[in-house]
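Encoded as structure tokens, the structure appears first; notes follow it.
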Amino acid sequence: MNDKWDAVKYTNDFSFVHKYGNDLLQLIDIKKDMSVLDLGCGNGTLTKKMSDMGLNAIGLDSSEDLLEIAHELYPNIKFIKADATDFTLETKMDAVFSNAVFHWIVKRKQSKMLDCVYKSLNNGGQFVFEFGGYGNNALIHAALQKEFQARKLFYKLPFYFPTIGEYSQLLEKAGFMIVYATLFERKTELSGKDGLADWIKMFIKTPFEKVDDKIKNEIICSTVERLSKKLYLDNKWYADYVRIRFKAIKE
Ligand code: BEZ
């Protein structure tokens, strides 16, 4: 997410990200006066939801633009600007929650992030999170890769999508006890007639950094065409999401 336009468009057109987060919230075991950190809170939609559930919720994000929207929408909630892989809180939390964030963090920085989470939790604290798991958007990335290759360009997957086994090892190494883990497919409807092209433009940035705009548009058009049989169903675009979801406890 790198400019204000993206932050506003993300808030308006990609609200399914938060809608699906509601169901993840059910994994939090709610206790009286409990505090929770929403790690990578974005525009604060789920931070507010947790606050409405009676939790003392605060949000943390590295995007100035998304935090500006969060502050405007929810002025009574505390939001902190910080990097998820390098933060310290003034007081420890009873829970850390995160939705659709960790796939943005490169593999070599995941342990740093997990150490920050561990240090920010009270003993017995809950860590509940979901992000893109192994195989996430595999059809979309394979199609993009083919279109890059056809133009002698290199497509490097810009996300981290681990298996349960791989991520469990990182969690246990950081000191967490895993109490729940699952990986599941969730085909997700995209909004609008250009749903898939809009999704690619919003989320796939780094592979296009050195590609000129004309070629970029050609790649996106051909990718969309290539995927229409599999991801355009009953006049609607879908993305082939796979989620990895965990609940872990600080021992
Ligand atoms: C996800 O939520 O899985 C996701 C969203 C955008 C880009 C990559 C992954």
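Over the residues of the chain, the helix contribution to mean residue ellipticity at 222 nm works out to -12500 deg cm²/dmol, using -39500 (n - 2.57) for each DSSP H run of at least 4. Relative contact order, whole percent, for region 13-122 stands at 27, derived from Cα pairs under 8 Å and 6 or more residues apart. Take every DSSP beta bridge whose two residues both sit in the chain; close to 55 percent of them are antiparallel. Principal-axis analysis of the Cα atoms of the chain puts helix 213-231 at an angle of about 80° to the longest axis.
Compared with the dominant principal axis of the Cα atoms in the chain, helix 107-120 is inclined by about 20°. Taking a ≥ b ≥ c as the square roots of the eigenvalues of the Cα gyration tensor, the chain is prolate, since a/c reaches 1.5 or more and a/b is larger than b/c.
Of 243, 108, the order by accessible heavy-atom surface (1.4 Å probe, DNA, RNA and ligands excluded), from most exposed downward, is 108, 243.
Between residue 205 and residue 170, the distance separating the two model label sites (each 7 Å from Cα on the Cα→Cβ line) works out to 2.0 nm. Looking at region 133-251, send over the antiparallel percent of its DSSP beta bridges, to the nearest 5. So the antiparallel bridges amount to about 100 percent of the total. Relative to the longest principal axis of the Cα atoms of the chain, the long axis of helix 16-25 lies at roughly 30 degrees.
Measuring nothing but how far apart in sequence close Cα pairs (under 8 Å, 6+ apart) lie, relative to its length, region 117-191 scores a relative contact order of 32 percent. Rounded is the label for region 12-103. Its Cα gyration tensor axes, ordered a ≥ b ≥ c, give a/c under 1.5.
With the full set of protein chains in place, find how many percent of the accessible area of the chain is carbon and sulfur; take the probe as 1.4 Å.
Here it works out to 50 percent.
Among beta bridges identified by DSSP and lying wholly in region 1-147, the antiparallel ones come to about 5 percent. A probe of 1.4 angstrom, applied to the heavy atoms of all protein chains, finds residue 157 with accessible area near 80 square angstrom.
Take region 116-251 with all the other protein chains still there, run a 1.4 Å probe, and you get 51 Å² of accessible area per residue. Based on alpha-carbon centroids, what's the gap between region 67-126 and region 177-251 in Å, whole number please? Comparing the Cα centres of region 67-126 and region 177-251, I get a distance of 24 Å.
Output the relative contact order of the chain, whole-number percent, from Cα pairs under 8 angstrom with separation of 6+ residues.
For the chain, the relative contact order is 21 percent.
The values are calculated or read from the model by the stated rules, or taken from the named source; none is laboratory data. The structure displayed is predicted, hence computed values, not measured ones. Here the Cβ is made from the backbone with ideal geometry for all residues, glycine too, and neighbour counts use every protein chain on show. Only protein heavy atoms, including side chains, enter the accessible area calculation; ligands, DNA and RNA are left aside. Shrake-Rupley method; radii C 1.70, N 1.55, O 1.52, S 1.80 Å.
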